[in-house]
Amino acid sequence: MLNREIKWYFPETEEEAVAVKRENVDTLYHAGGTGILRTKSQKIKGLIDLSALDLNYIKKEGNTIRIGATSTYSQICKTSLTEASLQMLKGAVSRAGSTLLRNRITMGGSLIDAPYWSDLFSTLLCLGAHLTYRRLDLTVETCTVKEFLDRRLKKENVLIREVILPVKEDLIFFVRRFTRVFFDYPVFNLAFCAKRVKKKGGEYAIGEPAIFVTGVKRFYRELTEAEEFINNNIVDSRLIEECMKHVDAEFTPDRNFGAEYKLLMLKSLFKDGLEELLPNFIKTGDQ
Amino acid sequence: MNTLFTVNGRKVRLSLHPGQTLLRVLRDNGYTEVKCGCEEGECGSCTVLLDGEAVPSCQILAMSVRNREITTVKGLMDMDGTSVIPEAFAETGAVQCGFCTPGMVLSSYALLKGNPAPSEEEIKLALDGNICRCTGYIKIIEAVKLAAVRMGKK
């Protein structure tokens, strides 16, 4: 439960919302509210509800998919858009929390809250997603999700507006989560995406791979060694075996799993994902 | 303070303080069919429908939904004039202590409204936020399947 005397604000524009925030230091932006309630913080003096703002949409614009900050995970799962990058994101968020929670968890809230178990970030990082946000001085900035995580922003002071996914042709991908039981928060998340590039001999190779894992020390890690190893290669069983030697990440041990065990599971899930992609590399007749 | 809400199709003035969850506000105002379980968003016993969508009322601040349609399991009966889902739960033996049942019924309703013939996998996914400590889930899944068949015939 939060402070009994908390004050609510219901702005109708982004400018109004930011003005309230600027004048009231101990207020937070409120979308779904699940992250705010988890804090049980008595220090929060006010909440700025964003539901009246025009930030609830999922749409294709040119070569991008734009997802408004107050769009819920369920809305992402139900969208009829079929672009591969959105399918990858659907795969990531469709197992987050539970159906009940997915009906409340929003994109914007997740970006600000960023818990280590979030199912969102490995996929957004892989896709090279961007986001736009409004600062207290009303300026709008755009950056990649990676930059957003790396910047030393006071995140509660920014109003997330939207996430922008690139539409990528010939995208192949997989998303994996390691959990104790099927319906559980993940210990870590793994996401992989790449282009399927046709070679002269009619074979397909991996191009521009991106591999990210979250739930590790310092929140996320890009598996650059593995990326370099498989880039421009045709995937087969031998390559997958070899690639495992290039998978490395630093985990923190917890009461359930040791760091070594987590790394072992990361390799296992990575191998499983690559093997699932094998049919994409079968040589076709047209050359 | 008192604020106007729409609960089970009726405009009602509920007493609350602004930091309270929807679960607390509903129960304090007599809607005790909304059960209080974990208050962490894990168990689903506090499920209500918000504009027809199943949500955990313990994870929602009441003031943020004062303009939305809130439906509890009692309101569901009035809304559709039907008790197909609770009857299916009773007939298949999907109820023991009954504490999780209001949430189960509402999640099932939200599913069947949008997907009248769900697969077993879809039923499991729709109920993944509702935990039952007594029955196991086999009877509950049977109940949803039975309700789907009966609602399809109506």
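The values are calculated or read from the model by the stated rules, or taken from the named source; none is laboratory data. Note that this is a predicted model, so its numbers are computed, not measured. No Cβ is skipped: glycine too gets one built from the backbone with ideal geometry, and neighbour counts run over all protein chains shown.
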Legend entry - Residue in segment A:85-106 that is nearest to the other protein chains (Cβ to nearest Cβ), counting only those that are hydrophobic (A, V, I, L, M, F, W, C) and within 19 Å of B:LEU61 (Cβ to Cβ): A:LEU100
Legend entry - Residue that is farthest from the chain's Cα centre (by Cα), among those in segment A:94-110 that are modelled with pLDDT of 95 or more and among the aliphatic types (A, V, I, L, M): A:LEU100
Inset, instruction - Consider A:ILE76 carefully, then state whether it is part of a helix (DSSP H, G or I), at pLDDT below 95 and β-branched (Val, Ile, Thr). - result: no
Inset, instruction - Go through the residues of segment B:96-104 one by one and say whether even a single one is within 14 Å of chain A (Cβ to nearest Cβ), touching a helix residue (DSSP H, G or I) at 6+ places or on another chain (Cβ under 7 Å) and either crowded, with 24+ Cβ neighbours inside 10 Å or closer than 24 Å to A:ASP184 by Cα (or both). - result: yes
Legend entry - Test result for B:MET77, of a type in the set (A, V, I, L, M, F, W, C), in contact with a Pro (Cβ under 7 Å, 6 or more places away or on another chain) and not in a loop (DSSP other than H, G, I, E, B): no
Legend entry - Subset tally (residues that are surrounded by 14 or more Cβ atoms within 10 Å (Cβ to Cβ) and either part of a loop (DSSP other than H, G, I, E, B) or in the same structural domain as A:LYS155 (by TED's automatic domain parsing) (or both)) for segment A:29-40: 3
Inset, instruction - Would you tally the residues in segment B:122-147 being farther than 19 Å from A:LEU101 by Cβ and without any contact (Cβ under 8 Å) to a residue 24 or more places away in the chain? - result: 3
Inset, instruction - Select, from A:GLU228, A:GLU208, A:GLU242, the only residue that is surrounded by fewer than 19 Cβ atoms within 10 Å (Cβ to Cβ), assigned by TED's automatic domain parsing to the domain that holds A:LEU266 and assigned to a strand (DSSP E or B). - result: A:GLU208
Inset, instruction - Might you let me know whether segment B:60-71 holds any residue that is under 21 Å from B:ALA126 (Cα atoms) and facing chain A (nearest Cβ under 8 Å)? - result: yes
Inset, instruction - Would you please name the residue that is nearest to A:TYR185 (Cα to Cα), looking only at residues in segment B:107-154 that are β-branched (Val, Ile, Thr) and within 12 Å of chain A (Cβ to nearest Cβ)? - result: B:ILE131
Legend entry - Tally of residues being over 28 Å from A:TYR73 (Cα atoms) and at the interface with chain A (Cβ under 7 Å from one of its Cβ atoms) across segment B:9-56: 1
Inset, instruction - Being outside any strand (DSSP E or B), at pLDDT 95 or above and touching a strand residue (DSSP E or B) at 6+ places or on another chain (Cβ under 7 Å) is the filter; apply it to segment A:1-28 and report the residue that is nearest to the other protein chains (Cβ to nearest Cβ). - result: A:PHE10
Inset, instruction - Mind listing whichever residues of segment A:41-51 are buried (at least 20 other Cβ atoms within 10 Å of the Cβ) and at the interface with chain B (Cβ under 8 Å from one of its Cβ atoms)? - result: A:LEU47, A:ASP49
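Each row is one residue, and each column tells you yes or no for (1) modelled with pLDDT under 95; (2) of a type in the set (A, V, I, L, M, F, W, C).
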site	(1), (2)
B:GLY52	yes, no
B:GLN59	no, no
B:ILE70	no, yes
B:LYS74	yes, no
B:SER83	yes, no
B:PRO86	yes, no
B:VAL95	yes, yes
Inset, instruction - Give the residues of segment A:127-145 that are touching a Ser or Thr at 6+ places or on another chain (Cβ under 6 Å) and among the hydroxyl-bearing types (Ser, Thr, Tyr), sorted by residue number. - result: A:THR132, A:THR142
Inset, instruction - Inspect segment A:56-79 for any residue being within 13 Å of the chain's Cα centre (by Cα), without any contact (Cβ under 8 Å) to a residue 24 or more places away in the chain and either within 14 Å of another protein chain (Cβ to nearest Cβ) or surrounded by fewer than 16 Cβ atoms within 10 Å (Cβ to Cβ) (or both) and give the result as yes or no. - result: no
Legend entry - Qualifying position, being part of a helix (DSSP H, G or I) and more than 14 Å from every other protein chain (Cβ to nearest Cβ), among A:THR132, A:THR142, A:THR123, A:THR82: A:THR123
Inset, instruction - Just one of (1) part of a loop (DSSP other than H, G, I, E, B); (2) in contact with a helix residue (DSSP H, G or I) (Cβ under 7 Å, 6 or more places away or on another chain); (3) hydrophobic (A, V, I, L, M, F, W, C) trips up A:LEU153, so point out which. - result: (2)
Legend entry - Criterion: touching a residue at least 24 places away in the same chain (Cβ under 8 Å), crowded, with 21+ Cβ neighbours inside 10 Å and over 11 Å from the mean Cα position of the chain (by Cα) - qualifying residue of B:LEU16, B:LEU49: B:LEU16
